[in-house]
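All of the numbers you see were taken from the coordinates with simple rules; none came from a lab. For clarity, every value in this text was computed on a predicted model and none was experimentally measured. In this analysis, Cβ positions are derived from the backbone assuming ideal geometry, glycine residues included, and neighbour counts consider all displayed protein chains.
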Amino acid sequence: MSLKGKIAVVTGSTSGIGLGIATALAKQGASIMLNGFGDADAIEKERSGLAATHGVDVAFDPADLSKADEVRRLISATEARFGRVDILVNNAGIQFVAPIEEFPAERWDAVMAINLSAVFHSTAAALPGMKARNFGRIINIASAHGLVASANKVAYVAAKHGVVGITKVTALETALTGITCNAICPGWVLTPLVQKQIDAIAAKDGISEPEARRKLLEEKQPSLDFATPDQIGELAVFLASDAAAQIRGASISIDGGWTAR
Ligand code: NAD
């Protein structure tokens with residue numbers, strides 16, 4: 001599974017699943033462009049720690065993925081810094097929970113921009129270089145919500161279904177090349193994005209945090225256990241490897257059985 005010498009961009013990699021994926025790719029020898037928001041000192045600690053631990057080149061770009069021109073600039077900045085993009089992991093994402101009629105239009109626009117439109121812009125910007133070299137791996141982090149729906153998550157579910165769609169189109173348009181595009185569809189993974197939802201359940205139902213966790217899992221995830229950022233990272237490593245050359249346009253679940261029901 002060695003990815004020695006490969007160049008990877010992982011969007012939203014200052015936290016959670018993105019950080020797990022960046023770490024797993026670096027562990028296999030890939031150099032990494034990190035991206036995301038957060039405390040500058042904490043990000044620098046992650047960046048230098050990853051580089052030192054795995055002996056790879058790691059840079060950070062603060063592009064705001066809600067803005068199309070910033071997304072495209074992230075790809076050109078990576079090409080300028082590292083020479084090319086071999087692996088593009090579209091991971092950055094946000095959540096907002098409300099019934100449709102109360103869903104703020106501004107939150108709809110933000111979720112669509114970051115969770116869906118950014119995938120289009122980064123893919124469009126990375127493909128010419130990948131095609132010129134006849135190699136690429138595009139890995140889109142969709143969700144169980146790319147395959148099935150839940151109430152009160154209209155923007156997220158629509159965006160993630162869209163990510164599954166763009167994954168298939170990208171795979172078809174690159175089918176005769178050495179570029180592959182696939183989606184990973186996680187169920188519940190215990191990250192800050194999900195912790196916020198657990199805290200909201202605890203507050204709303206007047207229950208403890210462990211009870212709220214259990215409630216969240218029981219509703220959707222038959223294994224009653226979270227998937228981890230490390231596990232998602234290892235799946236991304238596999239999809240980036242030569243062994244996955246003929247996996248194209250697939251949506252691979254890692255969801256404790258969520259979508260098996
Ligand atoms: P997280 O909140 O821990 O991390 C999100 C990352 O995206 C952070 O690095 C954040 O800084 C970055 N980000 C947010 N807005 C950004 C912007 N405008 N520009 C650049 N970066 C931005 O969330 P997570 O749970 O690790 O989620 C990562 C991805 O996995 C998302 O696409 C999410 O939808 C998906 N996902 C998560 C779960 C889960 O259970 N946690 C399940 C399925 C899918």
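Here are a few things to note about the model shown:
- In this structure, the residue pairs whose Cα-Cα separation is over 27 Å, taken from Lys4/Lys196; Lys27/Lys196; Lys67/Lys196; Lys67/Lys131, are Lys4/Lys196; Lys27/Lys196.
- Our summary gives the chain a relative contact order of 21 percent, counting only alpha carbon pairs under 8 angstrom and 6 or more residues apart.
- Set of aspartates and glutamates with alpha-carbon distance to Lys45 below 17 Å, sequence-local pairs under 8 removed: Asp57, Asp61
- Length gained on full extension, Ala110 to Lys4: 34.6 nm, using 0.36 nm per residue less the C-alpha separation.
- Modelled FRET efficiency - R0 22 Å, Arg84 with Asp225, Cβ distances, 0.05 increments: 0.05
- Along its three principal directions, the equivalent ellipsoid of the stretch 143-261 from the Cα gyration tensor extends over semi-axes of 31, 15, 11 Å, largest first.
- Each Lys or Arg adds one and each Asp or Glu takes one away; over the other residues whose Cβ falls under 9 Å from the Cβ of Asp86, this sums to +4.
- Taking a straight line from the alpha carbon of Lys215, these aspartates and glutamates sit under 19 Å away, with near neighbours fewer than eight places off in the same chain left out: Asp199, Asp205, Asp225, Asp255.
- The stretch 1-160: C-alpha pair distances exceeding 21 Å, %: 46
- Label-reachable residues, the stretch 5-34, where backbone N falls under 17 Å from a point 7 Å from Ala243's Cα toward its Cβ: 24-30
- Per-residue ellipticity at 222 nm, computed for the chain from helices alone with -39500 (n - 2.57) per DSSP H run of at least four residues, works out to -15000 deg cm²/dmol.
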